[in-house]
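Please treat every number below as a calculation from the coordinates, not as lab data. Keep in mind that what you see is a predicted model, and the values were worked out from it rather than measured. All Cβ positions, even for glycine, are placed from backbone atoms using ideal geometry, and neighbour counts span all protein chains on display.
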Amino acid sequence: MKHSLKTFEAACALPPFNATGRSDALHIDLAERSYDICLGNGTLAHAANWQGLPRARSALIVTNTTVQPLYGASLQQAIAPHFERVHTVVLPDGEQYKTWESLNLIFDALLAQQCDRKTVLFALGGGVVGDMTGFAAACYMRGVPFVQVPTTLLAQVDSSVGGKTAINHPLGKNMIGAFYQPKRVVCDMATLATLPERELSAGLAEVIKYGPIADMAFFEWLEAHMGALRAREPDALRVAVQRSCEIKAWVVAQDEQESGMRAILNFGHTFGHAIEAGLGFGTWLHGEAVGCGMVLAARLSARLGLVDEAFCQRLQGLIEAAGLPVVAPALAGDAAANVQAWLEHMRVDKKAEGGQIRFVLPVKPGQAALAEVDDELVAQIIMQCS
């Protein structure tokens, strides 16, 4: 079976997992673009978390129709002492609205309020709000500062950290965007209390991915504490969010713009993005697609002899325990058309080069590589997992 692997050497060791160690702040070391992640319960109300941001006359809170009634007033109150004017723009909620039209609503608000290039944007919501706010900040007047205030588990453990910003195109997810770092990330884990069950499970997919690519001790902890996480026990959620952010910070500090090692964070995403685009954005949540994508990627890795069946079973069991789908959905009618649809969507993936699909695969538990694999073998895995 023809395939090629590109492995990555870490410039520094990942700090060991410590389930009892707590930190109220983590640091992303990116030279002049460095920033802190503030962690805890009730961090929205902690005055210190809003001090030291760029000085400006005005701020714009970008949120959505679901989050605004829950936390809009709290954020407004928290940042009001630092700005003369605080404006809010409320976007429709859902992945299907991660579009040019929604992005323009942010620009419309900025221009209507005569916001200048010092204006600070605050992204209050999940991954869609964070990605669009960051992209708007990168574009408006060629760059204004922004702050991530993630209110979903997925955003707190993944999308709010690292500076990836984007909107979707009908042919592919996150195809139009920029690398643009926030000035700060403020994670208030109290917001997870209002998260719908399905959204919580979706976030757990992005938590689970860190184990197979970087930290099997964390993976084992997740196996033992998945029930506590789904029950939203605060101590368990604190461990999961903190360790996820530690791992992502470790990766991003070594490869900010995904020229190498950062690709490992896309474990499950090549298959996952195909699911989202193929079914229509918003049909499956991003985390649901990634969870299923990890099952397919692990099976592909096993077929190449990189991991064993026991590892695949462990991973699939944990993904199922998180309440996530593990069976690949049909993207077209008959079997041949279905496989072709999968392959076509994956060729649009950002990791593809010259039409060659590339996958992040575990090469052993706790380590991942970037792989090019023959379409025929990929097709077999899709049929096996459908």
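In degrees from 0 to 90, rounded to the nearest 10, what is the angle of the helix 197-208 Cα long axis to the longest principal axis of the chain?
70
Could you list 353, 344, 206 in order of exposure, starting from the residue whose Cβ has the fewest other Cβ atoms within 10 Å?
Details: 353 9, 344 15, 206 27.
The fewest-first ordering by Cβ neighbours comes to 353, 344, 206.
How many nm is it between the label spots at residue 356 and residue 194, if each spot is 7 Å from the Cα in line with the beta carbon?
Distance between the two pseudo-spin positions: 4.9 nm.
Taking 0.36 nm per residue of separation and subtracting the Cα-Cα distance, what length does fully extending residue 220 through residue 12 add? Numbers along the way, then the final one.
Numbers: separation 208, 0.36 × 208 = 74.88 nm, distance 2.29 nm.
Full-extension gain reported as 72.6 nm.
Two-decimal Rg/Rh of the range 228-386 from alpha-carbon positions, Kirkwood Rh?
Details: Rg = 15.8 Å, Rh = 16.4 Å.
Looking at the range 228-386, the ratio lands at 0.97.
Hey, if you put +1 on the Cβ of every Lys and Arg and -1 on every Asp and Glu Cβ in the chain, which of 369, 119, 279 ends up farthest toward the positive end of that dipole?
Of the options given, the answer is 119.
Along Cα→Cβ, 7 Å out, is where each label goes; now give me the distance between the ones at residue 96 and residue 380 in nm to one decimal.
3.8
For the range 25-193, what is the charge dipole size about the Cα centre, in debye to the nearest 20, if Lys and Arg each add +1 at the Cβ and Asp and Glu each add -1 at the Cβ? Mind showing how you got there, number by number?
Numbers: 12 positive and 12 negative charges, 82 e Å.
So the magnitude is around 400 debye.
Report for the chain the percent antiparallel among DSSP-assigned beta bridges with both residues inside it, nearest 5.
Values: 20 of 43 bridges.
Around 45 percent antiparallel, to the nearest 5.
Does the range 168-263 come out rounded, prolate or oblate, given a ≥ b ≥ c as the square roots of the eigenvalues of its C-alpha gyration tensor, rounded meaning a/c under 1.5 and, failing that, prolate meaning a/b above b/c? The partial results should precede the final answer.
Working: a/c = 1.74, a/b = 1.40, b/c = 1.25.
It is prolate, given that a/c is not under 1.5 and a/b is the larger ratio.
Going by alpha carbons, how many degrees (0 to 90, nearest 10) lie between the helix axis of 216-230 and the longest principal axis of the chain?
It is inclined by approximately 60 degrees.
Can you compute the label reach from residue 230? Point 7 Å from Cα along the Cβ direction, backbone N cut-off under 14 Å, restricted to the range 180-200.
197-200
Suppose the Debye formula is applied to equal point scatterers at every Cα of the range 25-193; what is log10 I(q)/I(0) at q = 0.09, 0.15 Å⁻¹?
-0.25, -0.74
So, with +1 on the Cβ of K and R and -1 on the Cβ of D and E, and no other charges, what is the size of the charge dipole of the range 323-371 about its Cα centre, to the nearest 20 debye?
Working: 5 positive and 4 negative charges, 52 e Å.
Approximately 260 debye in magnitude.
Quick one: helix 309-321 against the long Cα principal axis of the chain, what's the angle to the nearest 10°, folded into 0 to 90?
Between helix and principal axis, roughly 40 degrees.
For the chain, compute Rg over Rh where Rg is the Cα radius of gyration and Rh is the Kirkwood radius from the inverse mean 1/r over Cα pairs. Don't skip to the answer; put the middle values down first.
Values: Rg = 20.1 Å, Rh = 21.0 Å.
My calculation puts Rg/Rh at 0.96.
Among the lysines, which fall within straight-line cross-link reach of residue 351, defined as a Cα-Cα distance under 28 Å, with same-chain neighbours fewer than 8 residues apart omitted?
2, 6, 98, 164, 173, 183, 209, 248, 364
How large is log10 of I(q)/I(0) for the range 264-348 at q = 0.16, 0.17, 0.24 Å⁻¹ when the intensity is taken from the Debye formula with one equal scatterer per alpha-carbon?
The Debye formula, applied to the Cα set alone, gives -0.60, -0.68, -1.20.
Counting only residues 5 or more places away or on other chains, whose amide H sits under 5 Å from the amide H of residue 307 once H atoms are built in the peptide plane?
Placed amide hydrogens put 302 under 5 Å from residue 307.
Roughly how many whole Å is it from the C-alpha centroid of the range 330-347 to that of the range 28-52?
43
Springs between alpha-carbon atoms under 10 Å, Gaussian network over the chain: tell me which of 101, 309, 223 tops the mean-square fluctuations.
Taking springs between Cα atoms under 10 Å, the residue moving most is 101.
Which distance in Å, rounded to a whole number, links the C-alpha centroids of the range 63-107 and the range 111-172?
Value for the Cα centre distance between the two parts: 10 Å.
Return the single residue from 164, 248, 118 with maximal mean-square fluctuation; model: Gaussian network over the chain, springs between Cα atoms under 10 Å.
118
Provide the descending list of Cα extents for the range 297-386 along its principal axes, expressed in whole angstroms.
31, 27, 21 Å, listed from the longest principal axis down.
Between residue 34 and residue 335, take the C-beta separation as r, use R0 = 41 Å, and let me know the FRET efficiency to the nearest 0.05. Write down the numbers at each step before the final one.
Details: r = 50 Å, r/R0 = 1.22.
According to the calculation, E is roughly 0.25.
GNM, the chain, Cα, under 10 Å: largest mean-square fluctuation among 179, 271, 146?
Among 179, 271, 146, the largest GNM mean-square fluctuation belongs to 179.
From the helices alone, meaning DSSP H stretches of at least four residues, give me the mean residue ellipticity at 222 nm for the chain, per-run term -39500 (n - 2.57), in deg cm²/dmol to the nearest 500. Don't skip to the end; give the middle numbers.
Details: 12 runs with 152 residues, N = 386.
Only helices count here, giving -12500 deg cm²/dmol.
Using the 10 angstrom Cβ neighbour count as an exposure proxy, how do 221, 50 rank, fewest first? Walk me through the numbers on the way to the answer.
Values: 221 18, 50 22.
Least crowded to most crowded, the residues run 221, 50.
Along the Cα→Cβ direction, 7 angstrom out, place labels at residue 48 and residue 141. What is the inter-label distance in nm?
Each label point is offset 7 Å from its Cα along the Cβ direction, giving 3.1 nm.
Could you list 167, 247 in order of exposure, starting from the residue whose Cβ has the fewest other Cβ atoms within 10 Å?
Numbers: 167 21, 247 25.
Lowest to highest Cβ neighbour count: 167, 247.
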